[in-house]
Amino acid sequence: MANRWKNRLRERDATPESVYLNRRKLIAGAVAGAGLAGIGGHARAMPEGLEPNPWEDITEYNNFYEFGTDKRDPQKYAGQMTTEPWTVKIDGLVDRPADYAFEDIMAKMTVEERIYRLRCVEAWSMVVPWNGFELADLLELAGVQSAARYVAFETLYRPEEMPGVRYPVLEWPYVEGLRLDEATHPLTIMATGIYGKDIPNQNGAPLRLVVPWKYGFKSIKSVVRITLTDTQPPTSWNRAAPNEYGFYSNVNPEVDHPRWSQATERVVGGGLFAGRVPTPMFNGYAEEVAGLYEMMDLKKNF
Ligand SMILES: Nc1nc2c(c(=O)[nH]1)N[C@H]1C(S)=C(S)[C@@H](COP(=O)(O)O)O[C@H]1N2
Ligand SMILES: [Mo]
């Protein structure tokens, strides 16, 4: 029962990574030659010199606690998760609350590539070539009402397919939240692919949030519900340890985790002795997003 979306991607499925990377360089060259014409505000979403990690790093070293807390558990067990059919309930302060079928969403969204840094709060990082669409476009589909201030997200909760939810590491289902202006920022995407292939289950199939200037745990996987609200929604890690994980959780090298420094990070795949590199403010996206927090004390609102 291959769905239409999967069929559409089949051709690219066959593209070897090396060919893919070469083609990407050609495209990057062409874009530079064209003086970024037509790329507009999105050009900065792909900072120069960002070299994506290989497929193996991205799909074999994961956090997806519904499948276990070891980095290799998601790769081992997430294959059990049924992702077809898939619906996303969009409700709360919207004009068109409904259960939106994944295929219907994909038929209306424009998928593009976004090469983003991913910085985990545990102080490791990688670079991921996502395919996805802007969350703002999906919210527009549902029609955000003027009273909405926040967006709440929920992950699938299906104990028979998720060995990790037997353990009370977190309260299930995994939930996350953003301020509406963060959610509608052009850098914020719903990812549906990696390297031009359907996103693997361990990375949050069939669609997961990606907010590149925030710690990785904000990028909630396998989303089944999106609710527009007028009050700040609860988030899983904040509920579990409010002194360690704030609602905002913007990447900030100047605000340490109570148990470790956030000033530097280990680049996954960088080699055992590659050492650590400095973590940039807002994970390198300060130019785009610092304005969202101008009036805020980032130490208080961590
Ligand atoms: N539902 C859910 N989403 C989740 C997590 C999780 O455990 N459950 N882990 C988060 C954390 S801590 C990180 S760093 C990223 C990891 O994404 P990746 O495995 O695609 O690199 O997913 C985030 N999204
Ligand atoms: Mo993380």
HN-Hα J in Hz across segment 120-125 - Karplus 6.51, -1.76, 1.60, θ = phi - 60°, x for Gly and Pro:
7, 4, 6, 6, 10, 8
Which value, in Å² rounded to 10, gives the accessible area of residue 264 with a 1.4 Å probe and all protein chains present?
50
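Quick one: pull the percent of accessible area on segment 51-293 belonging to carbon and sulfur, 1.4 Å probe, ligands and nucleic acids left out.
Values: 4850 of 9450 Å².
So the carbon and sulfur contribution to the accessible surface is 51 percent.
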Cα gyration tensor category, rounded, prolate or oblate, for segment 166-211 with a/c compared to 1.5
oblate
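Rank 133, 217 by accessible area, highest first, at a 1.4 Å probe radius?
Working: 133 0, 217 25 Å².
Result, largest first: 217, 133.
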Local electrostatic count, residue 277, Cβ distance below 12 Å [Lys/Arg +1, Asp/Glu -1]
+3
Percent antiparallel among DSSP beta bridges (both partners in segment 51-293, rounded to 5)
85
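Indicate the gyration tensor shape class of segment 115-198 (rounded, prolate or oblate), computed on the Cα atoms with a ≥ b ≥ c the square roots of the eigenvalues: a/c under 1.5 is rounded; otherwise a/b larger than b/c is prolate and the rest oblate.
Values: a/c = 1.69, a/b = 1.19, b/c = 1.43.
Cα axes put segment 115-198 in the oblate bin.
Please give me, ordered by residue number, the trypsin sites (Lys or Arg not before Pro) of segment 272-302 that lie in loop per DSSP and have at most 15 other Cβ atoms within 10 Å. Before the final figure, lay out each step's value.
Numbers: sites: 276, 299, 300; in loops: 299, 300.
Listed in order of number, the matching sites are 299, 300.
Need one word for segment 199-302: rounded, prolate or oblate. Basis is the Cα gyration tensor (sqrt eigenvalues a ≥ b ≥ c); a/c below 1.5 gives rounded, then a/b vs b/c decides.
On the way: a/c = 1.64, a/b = 1.14, b/c = 1.45.
Oblate, because a/c is 1.5 or more while a/b does not exceed b/c.
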So what's the gap between the Cα centers of segment 207-226 and segment 76-126, to the nearest angstrom?
8
In whole Hz, with x marking every Gly and Pro, tabulate ³J(HN,Hα) for segment 64-80 from phi via Karplus 6.51 cos²θ - 1.76 cosθ + 1.60, θ = phi - 60°.
7, 4, 4, 10, x, 9, 6, 4, 9, 4, x, 4, 6, 10, 5, x, 6
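Excluding residue 220 itself, calculate the net charge of residues whose Cβ lies under 10 Å from the Cβ of residue 220, where each Lys or Arg counts +1 and each Asp or Glu counts -1. Provide the component values of the computation, followed by the final result.
Numbers: positive: 208, 218, 221; negative: 154, 176.
Summing Lys and Arg as +1 and Asp and Glu as -1 gives +1.
The values are calculated or read from the model by the stated rules, or taken from the named source; none is laboratory data. Because the structure is a prediction, the values reported are computed rather than measured. Don't worry about glycine lacking a Cβ; one is built from the backbone with ideal geometry, like all the others, and counts go over all protein chains shown. Accessible surface is based on the protein model in full, side chains and every heavy atom, while ligands, DNA and RNA are left aside. Shrake-Rupley method; radii C 1.70, N 1.55, O 1.52, S 1.80 Å.
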